[in-house]
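Before any comments, here is the structure.
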Amino acid sequence: TQEVARLLAGWFDGLKVRSVPWLRAQTRWQVVCAELLLDRLGASHVRSLWPLLARWASPAQTLAAASELREIGRWLERDGRAERILEMAEQLASAPDQLDDDDHIRQIPGLNETLADLVVLVVAGGAEDESEEPVLVGRGVLRVVARFTGERVDRRNKMTDGRLATARMIGDGDDSRAAHLGLVELAAAICRPAEPICVECPLARTCHGSQAKAQREALLFLQSRRLRN
């Protein structure tokens, strides 16, 4: 576990180009806005739009730029998401401290559990907040864990067995947070639902799924050679 976490953390910390750049956000509000507006967009859109959203570090700053946010939403054909962000900004503008408390953030209307967990992982709470780090199974993390370990986790049990499998993979040491975020980036950029790019994965040598894929490809290669001969 320590070696896996170290590899993941080192890979994540060394990345220059990220598919999910807000995993390096400075504020929790930046993570909320990016997840709501940019999730599942193409890489070129993310690269061009994330710097624009990152300028608004607080709900108040987003409200002040409401017209620009609405314009971005129209351009992306995500008008509803832009309005959802503005509604949340209005709710939080007078009490932004709710975002900094790991318990209160889960009570904010419009934030589902997966998004709240990701926000807490990316930006730690205040010094007085000693809450345990969440174990994220959404955002494709469970897919990466299942492929790496070869374990099949029933989606009905993903909140129990899935969390345990993820926790075993990243451990609870100094590298665990960066390793956890590394799983999110892996899921988005490399360990995709279809056609994963195993050759670029830092865990390929010990990944059950990657090894199985390599064996299948080798077998197909041998079969094609026999057919040609």
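The values are calculated or read from the model by the stated rules, or taken from the named source; none is laboratory data. Note that the structure is a prediction, hence the values are computed from the model and not measured. Positions of Cβ are backbone-derived with ideal geometry, glycine not excepted, and every protein chain shown enters the neighbour counts. Heads up: the accessible areas ignore ligands, DNA and RNA and are worked out on the full protein's heavy atoms, side chains in. Shrake-Rupley method; radii C 1.70, N 1.55, O 1.52, S 1.80 Å.
A Förster distance of 22 Å, applied to the separation of the beta-carbon atoms of ASP13 and THR160, puts the FRET efficiency at 0.15. With R₀ set to 25 Å, the beta-carbon distance separating ASP174 from GLN26 gives a calculated FRET efficiency near 0.75. For the stretch 39-148, state what percent of all Cα-Cα pairs lands in each successive 10 Å bin, counting from 0 Å until the bin that includes the largest distance. Taking all Cα pairs of the stretch 39-148, the binned fractions are 12, 37, 37, 12, 1 percent. Springs between Cα atoms under 10 Å define the GNM used for the chain, and in it the highest mean-square fluctuation of HIS104, HIS180, HIS208 occurs at HIS104.
Given a 1.4 angstrom probe, what's the average accessible area per residue across the chain, in square angstrom?
Averaged over the residues of the chain, the accessible area is 56 Å².
Every helix of 4 or more DSSP H residues in the chain counts as -39500 (n - 2.57), and over all residues that averages to -17500 deg cm²/dmol at 222 nm. Counting protein heavy atoms only, the chain has 49 percent of its accessible area on carbon and sulfur, 1.4 angstrom probe. Would you mind checking the tilt of helix 79-93 against the longest principal axis of the Cα atoms of the chain, expressed as 0 to 90 degrees and rounded to 10? Value to nearest ten degrees: 60. Annotation: extensible slack from GLU77 through ALA194 equals 39.6 nm (criterion: 0.36 nm per residue apart, minus Cα-Cα distance).
Potential lengthening of the chain between THR206 and ARG40 amounts to 57.0 nm, from the contour at 0.36 nm per residue minus the alpha-carbon distance.
The region of the chain that goes longest without hitting one of the trypsin sites (Lys or Arg not before Pro) in a DSSP loop, each with at most 16 other Cβ atoms within 10 Å, is 56-151. Farthest toward the positive end of the dipole of the stretch 51-136, out of LEU121, LEU92, PRO51, is the Cα of PRO51, where the dipole comes from beta carbon charges about the Cα centre.
In the set (1) 23.0, 76; (2) 19.7, 75; (3) 20.7, 64, the label that goes with Rg and Dmax of the Cα atoms in Å computed for this structure is (2). The length gained on full extension between ARG84 and ASP97, counted as 0.36 nm times the residue separation minus their Cα-Cα distance, comes to 2.7 nm. The distance from the alpha carbon centre of the stretch 51-83 to that of the stretch 181-200 is 28 Å, rounded to a whole number. Taking PRO59, PRO109, PRO134 in turn, the Gaussian network model of the chain (Cα-Cα springs below 10 Å) assigns the largest fluctuation to PRO109. For the chain, the longest principal axis of the Cα atoms and the long axis of helix 2-14 meet at an angle of about 60 degrees.
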